[in-house]
Amino acid sequence: MKFSTREDIEAPIDSVFEMLCDFEGFERSAMRRGAEVQRVDRLTAPGVGMMWQTVFDMRGKRREMQVEMVTFDRPNDIVVESTSPGLVGQMSFELMALSRNRTRLNVALEVKPLTLSARLLVQSMKLAKASLTRKYKLRIGEYAKGMEERYVKMA
């Protein structure tokens, strides 16, 4: 199952990429929502091989997930793969400079089931695809708007 959207952001591509690299901010955000997040790599700079171990509650069950950065091409692409018992996911962020102060952000999320119970979960998601797609686009749009606001404050 795949979701994708794109947003145009009023900020230079380098600034947008730097904001996408705020991994500590993403960790704090997940922890505020009740997830346990632990960085498990030893890298000192952002790059391929960054890994996180996460534990969170979803649909009344405790879930574990390992997240790994598989592509880090400054300032164009970031691809993160997540693995949990039953599901594999890939989230990609692709940046394209439209002008000196305008950047297009393409965000794609693909989820693949590995087990029968995961297939049932994905099948139920497919039944609600329209509403899930709407929520996905809304959240990415809100994040892009927040990036624009942060850029204005930085400038």
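Some observations on this one:
- Heavy-atom accessible surface of the chain, averaged per residue, reaches 63 Å², computed with a 1.4 Å probe.
- The alpha-carbon of Lys112 sits under 20 angstrom from the alpha-carbons of these aspartates and glutamates, leaving out residues fewer than 8 places away in its chain: Asp57, Glu64, Glu68, Glu81.
- Mean ellipticity per residue at 222 nm, deg cm²/dmol - from DSSP H runs of n ≥ 4 across the chain, formula -39500 (n - 2.57): -11500 deg cm²/dmol
- Surface share of carbon and sulfur [accessible, 1.4 angstrom probe, percent] for the chain: 53 percent
- All Cα-Cα distances of the chain, cut into 5 Å bins from zero to the largest, leave 2, 8, 15, 20, 21, 17, 10, 5, 1, 0, 0 percent in each bin in turn.
- Helix 129-154 axis, angle to the chain major axis (alpha carbon atoms, nearest 10°): 30 degrees
- Cα-based reach from Lys61 at 16 Å (exclusive), listing aspartates and glutamates while leaving out same-chain residues under 8 positions away: Glu36
- Computed on the chain, with alpha-carbon pairs under 8 angstrom and 6+ residues apart, the relative contact order is 27 percent.
- Rounded to 10°, Cα long-axis angle of helix 116-127 versus longest principal axis of the chain: 50 degrees
- Lysines with Cα under 29 Å of Lys153, excluding same-chain neighbours fewer than 8 positions away: Lys135, Lys137, Lys145
The values are calculated or read from the model by the stated rules, or taken from the named source; none is laboratory data. The shown structure was predicted, so the numbers you read here are calculated from the model rather than taken from an experiment. With ligands, DNA and RNA removed, areas are computed over all heavy atoms of the protein, side chains included. Shrake-Rupley method; radii C 1.70, N 1.55, O 1.52, S 1.80 Å.
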